[in-house]
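Comments concern the structure below.
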Amino acid sequence: MSLIHPAAHYHPYRSASGGWGSAHAVMNMLWREQALFSTPLALMRQNKPKGFACVSCAWAKPGNPHALEFCENGAKATAWELTSSRTSPAFFEEHSLTELRDWSDYALEQHGRLTHPLRYDANSDRYRQTTWEQAYLDIGTNCGS
C-alpha cells in the first residue's frame, strides 16, 4: 500500500504570500475535501468575536475583524477538522501501531476523525475501543504518578 496520496505533488510557488494565490489554494483544498459548504460558514466565525480561535495557530480575535481574516493554513486546518471522513475502531483492528508508525502524517489524516475513545493495548500493539468513563478514570488514576 502506498503511504503517499497519488494526487500529492510539489510545485515551487514563486508568487507573493497571501492574496489570490492563497484564496485559490484554499478553494482547491475545499473542493478536494468536499467541504465547499461547511467550511466557508465556519471561516466566517474563525478569529471573530463570539467565534472561535484558529485551530492551527490560535490567532488572536481582533476587535474589528474583516470578513476573511484568517490565513491559508488556518482555513485548511479548519476544513480538515470539519471533514466528514471518520475512523472507527475497526480501522485499528486492521492496523497495528507498529505499522501505523510507518505511515505518513498525510496518509493518517486522510482516514478522518476518530469516532470513539481509544486506549493502547501493548499486548496486541493496537488501539482498542474504550468508554469515555473508563478513559477519564484512567487519566485521573494515572495523573498523579
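Throughout, read-outs are computed from the coordinates displayed, never taken from laboratory work. Because the structure is a prediction, the values reported are computed rather than measured. For neighbour counting, all protein chains shown are included, and Cβ atoms are generated from backbone atoms with ideal geometry for every residue, glycine included.
Can you put D138, D102 in order of Cβ neighbours within 10 angstrom, beginning with the fewest?
D102, D138
Report, as a whole number in µm² per second, the diffusion coefficient that Stokes-Einstein gives for the chain at 25 °C and 0.890 mPa s using the Kirkwood radius over alpha carbon pairs.
After rounding, the answer is 136 µm²/s.
Given R₀ = 25 Å, what would the calculated FRET efficiency be for T115 paired with F37, taking r from the Cβ atoms and rounding to 0.05?
FRET efficiency, T115 to F37: 0.70.
Using Cα pairs closer than 8 Å and at least 6 residues apart in sequence, work out the relative contact order for the range 19-81, in percent.
37 percent
Which value results for Rg/Rh of the range 19-81 when Rg is the Cα radius of gyration and Rh the Kirkwood radius based on the inverse mean 1/r?
Dividing the radius of gyration by the Kirkwood radius yields 0.94.
In the range 86-143, if every C-alpha pair distance is counted and binned at 10 Å from zero, what percent goes to each bin?
Going out from 0 Å in 10 Å bins, the range 86-143 shows 22, 49, 27, 2 percent.
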